[in-house]
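Single-structure report; data block below.
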Amino acid sequence: MPEIVVFADDLTGANASAGALAEGLGRPIRVYHDLPAHPHGPFVLNTQSRETPSQSGLVTKWARELWEHGYRHFDKRIDTTLRGPCPLELQLLIKALPVHPFVAVIAAYPRAGRTTKQGRQYLYGRPLRESLPELTTDVLVDYLFEGDHRVHIVSRQERELASTTWVKELITSYSTVIFDAESEDDLYHIASLLKQMRGYLSAPLVTVSSGSIFPYYMTSPPTTTAIIMGSPTPTNIRQVHYIQNHIPVQEISLESSPYSHQPQCPIIVLHSGLEPLKDTERQPISQYLAERALNHLTALQESGWIPERFIVTGGEMAQTFLIKAQALVVHNHRLLAPLVSQGIIEGGIFDRVELITKGGLVGEDSLLYLLSISPTLTTQRYLTRKISKRSV
């Protein structure tokens, strides 16, 4: 992923963008109040122009110097309530670059109730001006670009029909787009489109964002992840299909021979079939599936594929898997399950590990989010030895 510099206008916004970048990249992000002598990597620049308007001019100076250092992706932080000098600093940034950039606006912040619909900013489902009548407009085209008709608004309906041809036509037909977004799943999809656009763009990229897109867009390389799905309930089957449609994974059936697969992907889904079982069949099969999962994990590691983290779903099977896995010795692994309703295994190598149970995580978008973030920010490392099956 190309390096990025974020331009913020106050410390609150700068820290928020830095935190969002850190969430995606899995490492600390620095905030500077002046351009470092030898800029490298992603970082955030704070003009402090919210308090001192004359400081906005620093955007021009910094953008030119960053261009000379090879930066081609810039982000102008936008306040989701449309306050501050964002329009001015965005125009200064665009004009400072020797090549006119492609501009993508993602102003939504769904976690905080800020959404974008038909290019208009909303706060908890109401147009922003109803909550903040002092604003002159809550229409992003008018706020940022003074009503420029050449700006294209990408609706959710249009985005959901997107193809490679659509992406190519979008960047050749327009130089500025505004993305509607109402949910985290929307942000995930927009991020995947931005990554495609980067592959076709010859111009620099300027994003205008609240930082909400960064955990999905600015991500570290995928770690090796084993997803152990539970018994084949409709929910688990749906999750397997959903993950397959969004990210490259290798699917392995627990019914197959553990030594018949060559690892080909950093994310492997171990599932127990894609045909649902009756409720009466699920409990007896849990122990069997758990043992099969352990056999497959042992075989994968012996082939050289070392799982750095696990995601375990599926109620009874998840509970059984973790209990039986205490008969294993595990090297440098992480169990990732931050969305939990019940079921904590205590003792041994699984001390304080929380399960994703049938009453906990079932949202497919949540699973995709977990796969996009750095495990070091959400999980713990267990310093033990290599996986080797003893007795179960």
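Select from the stretch 219-233 the residues that are part of a loop (DSSP other than H, G, I, E, B) and in contact with a Pro (Cβ under 7 Å, 6 or more places away or on another chain) and write down the one among them that is modelled with the highest pLDDT.
Thr224
So which residues in the stretch 1-22 are touching a Phe, Trp or Tyr at 6+ places or on another chain (Cβ under 7 Å) and among the charged types (D, E, K, R)?
Of everything in the stretch 1-22, just one residue is touching a Phe, Trp or Tyr at 6+ places or on another chain (Cβ under 7 Å) and among the charged types (D, E, K, R), namely Glu3.
The rows are residues; the columns are (1) aliphatic (A, V, I, L, M); (2) assigned by the TED database to the domain that holds Thr12; (3) touching a residue at least 60 places away in the same chain (Cβ under 8 Å); (4) within 25 Å of Leu289 (Cα to Cα).
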site: Ile178; (1), (2), (3), (4): yes, yes, yes, no
site: Ser192; (1), (2), (3), (4): no, yes, no, no
site: Arg198; (1), (2), (3), (4): no, yes, yes, no
site: Thr207; (1), (2), (3), (4): no, yes, yes, no
site: Ser212; (1), (2), (3), (4): no, yes, yes, no
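Within the stretch 90-120, work out how many residues are within 27 Å of the chain's Cα centre (by Cα) and not in a strand (DSSP E or B).
12
Across the stretch 66-89, which residue is nearest to Asp10 (Cα to Cα) among those that are assigned to a helix (DSSP H, G or I) and either in contact with a Pro (Cβ under 8 Å, 6 or more places away or on another chain) or not assigned by the TED database to the domain that holds Ser17 (or both)?
Leu66
For every residue, the table says whether it meets (1) polar (S, T, N, Q); (2) in contact with an Asp or Glu (Cβ under 9 Å, 6 or more places away or on another chain); (3) over 24 Å from Glu89 (Cα atoms); (4) assigned by the TED database to the domain that holds Ile29.
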{"position": "Gly125", "(1), (2), (3), (4)": "no, no, yes, yes"}
{"position": "Tyr143", "(1), (2), (3), (4)": "no, no, no, yes"}
{"position": "Arg156", "(1), (2), (3), (4)": "no, yes, yes, yes"}
{"position": "Asp186", "(1), (2), (3), (4)": "no, yes, yes, yes"}
{"position": "Leu201", "(1), (2), (3), (4)": "no, no, no, yes"}
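Which residues, taken from the stretch 195-217, are surrounded by fewer than 24 Cβ atoms within 10 Å (Cβ to Cβ) and either part of a helix (DSSP H, G or I) or under 13 Å from the mean Cα position of the chain (by Cα) (or both)?
Listed by number, the residues that qualify are Lys195, Gln196, Met197, Arg198, Gly199, Tyr200.
Taking Arg129 as the residue in question, decide whether it is outside any loop (DSSP other than H, G, I, E, B), in the same structural domain as Gln157 (by the TED database) and not aliphatic (A, V, I, L, M).
So Arg129 passes the test.
Quick check on Glu281: is it over 14 Å from Ile227 (Cα atoms) and modelled with pLDDT of 65 or more?
No.
Consider Pro28 carefully, then state whether it is under 17 Å from Ile4 (Cβ atoms) and assigned by the TED database to the domain that holds Ala96.
Yes; evaluated as a whole, the condition is true for this residue.
Assess whether Arg150 counts as being surrounded by 13 or more Cβ atoms within 10 Å (Cβ to Cβ), in contact (Cβ under 8 Å) with a residue 12 or more places away in the chain and among the charged types (D, E, K, R).
When the stated conditions are applied, Arg150 does not pass them.
(1) in contact with a helix residue (DSSP H, G or I) (Cβ under 6 Å, 6 or more places away or on another chain); (2) touching a residue at least 24 places away in the same chain (Cβ under 8 Å): which one isn't true of Ile4, the others all being true?
For Ile4, the failing item is (1).
Return the only residue of Val59, Val31 being touching a helix residue (DSSP H, G or I) at 6+ places or on another chain (Cβ under 6 Å) and modelled with pLDDT under 95.
Selected residue: Val31, the only one of Val59, Val31 that is touching a helix residue (DSSP H, G or I) at 6+ places or on another chain (Cβ under 6 Å) and modelled with pLDDT under 95.
Show the residue pairs that are 6+ apart or on different chains and have beta-carbon atoms under 6 Å apart, the first residue being within the stretch 297-313 and farther than 16 Å from Cys265 by Cα, the second being surrounded by fewer than 18 Cβ atoms within 10 Å (Cβ to Cβ) and modelled with pLDDT of 70 or more.
The qualifying pairs do not exist here.
The values are calculated or read from the model by the stated rules, or taken from the named source; none is laboratory data. Keep in mind the model is a prediction, meaning the values are calculated, not measured. All Cβ positions, even for glycine, are placed from backbone atoms using ideal geometry, and neighbour counts span all protein chains on display.
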